[in-house]
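This report refers to the structure that appears directly beneath it.
The values are calculated or read from the model by the stated rules, or taken from the named source; none is laboratory data. Just so we're clear, the structure is a prediction, and the values are computed from it rather than from any experiment. Because the Cβ atoms are built from the backbone with ideal geometry, glycine has one as well, and the counts that use them run over all protein chains shown.
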Amino acid sequence: MIDIELIIFAAVAVFVLSRLYIVLGKKTGAEPPPSVIREAAKNRVSGEDNADVSSIRPAFTGPGAAAMEEISRMDRLFTPTDFVRKSKKAYEMIVEAFAEGDKKTLSNLLVDDVYEAYVSAIDAREESGAEPLRLMRLKSAEIADAEIIDGSIGQVSVSFEAQLSDGENLRTAKEIWTFERALKESNPAWLLAGVSEAS
């Protein structure tokens, strides 16, 4: 006895395969010749066809765009989006370390002169018995500017708005933090190099 279901499935399979051949199996006049395909494949394997990142990503825009372009040429991992994300984390760590009087953590996040200023402020606060300001909420962070110093020092300034509290009073802090890095050195860390009040 002939299995009707088997015949139906076979017919459906033949139909589907024929449609796939019609859609995928035909060559078009726009296809490159085989020699071009082989050359492109060889270049990909040998690494000769690796396009410059700057040619395939959108150009930087906004404040400090030209300097960020230069920074990205010296630090291929740099992107504004990633920098803002990391600067927010740095902001939280520095504010917390300052509130806790954690000088060791601060020494790894600040340039020398800023570190000395923070240490002096911690000592003065502890001597007076004042309550430290603690971060309640980081409301916003965005790049305010960027520049290259002496041809190799990258500086990126980030505008922060945050809510801080001493346990009794809540205040809004609007500041611009400038981070810097020696772009020709292997150390990828950006350190806090300056803090100013945002206008």
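Looking only at residues in segment 181-199 that are assigned to a loop (DSSP other than H, G, I, E, B) and charged (D, E, K, R), the one that is farthest from LEU106 (Cα to Cα) is LYS184.
Residue-level check: of (1) within 28 Å of THR61 (Cβ to Cβ); (2) modelled with pLDDT under 95, ASN187 misses just (1).
Within segment 180-189, the set of residues being exposed (fewer than 12 other Cβ atoms within 10 Å of the Cβ) and acidic (Asp, Glu) comprises GLU185 only.
Summed over segment 164-199, residues that are over 20 Å from the mean Cα position of the chain (by Cα) and touching a residue at least 60 places away in the same chain (Cβ under 8 Å) total 3. Looking at the structure I just gave you, is LEU192 out of contact with any Gly (no Cβ under 6 Å at 6 or more places or on another chain), in the same structural domain as SER107 (by TED's automatic domain parsing), crowded, with 18+ Cβ neighbours inside 10 Å and aliphatic (A, V, I, L, M)? Yes; evaluated as a whole, the condition is true for this residue.
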